[in-house]
1. If VAL106 satisfies all but one of (1) among the aliphatic types (A, V, I, L, M); (2) over 20 Å from PRO35 (Cβ atoms); (3) touching a strand residue (DSSP E or B) at 6+ places or on another chain (Cβ under 6 Å), what's the number of the condition it fails?
Amino acid sequence: MKLDPTNGVPFYRQVETALAERIRLGDLPAGAMLPSVRGLAQELLVSVITVKQAYEALEADGLVYSAQGRGTFVAADGAAAASRRVRRALVEVVTAAVADARVAGVPEAELRTLLLST
């Protein structure tokens, strides 16, 4: 995993997104143990807080779970949760685009064509 300091996305969000994608694709299957917070922080040269924030966000979305004293693991339905997360993000983007198109006066028929042809 590589972090990009120039893209404007906070590091914790980049870590969260990268891990979620690996879970969604099955690279990290259900039950797989994630690296320790300290270990991943050292590997990525970021603070422990950065990795902790990413793990907490993944846990809040149901992709992973923490076992006290054992570590953080991919949840049984982690891949499905990651797919739902991608869908939610897509719905947000499309909803905003449709709202912008309506404000700009794009006719509904043209908007439908644009959405279905891309």
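1. (3)
Per-residue answers, yes or no, for (1) in contact (Cβ under 8 Å) with a residue 60 or more places away in the chain; (2) under 17 Å from the mean Cα position of the chain (by Cα):
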residue: PHE11; (1), (2): no, yes
residue: GLU16; (1), (2): no, yes
residue: ALA20; (1), (2): yes, yes
residue: LEU28; (1), (2): no, yes
residue: ALA32; (1), (2): no, no
residue: GLY39; (1), (2): no, no
residue: GLN42; (1), (2): no, no
residue: LEU45; (1), (2): no, no
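Read-outs: derived from the displayed coordinates by stated rules, not from any lab. What you see is a predicted model; the values in this text were computed from it and never measured. In this analysis, Cβ positions are derived from the backbone assuming ideal geometry, glycine residues included, and neighbour counts consider all displayed protein chains.
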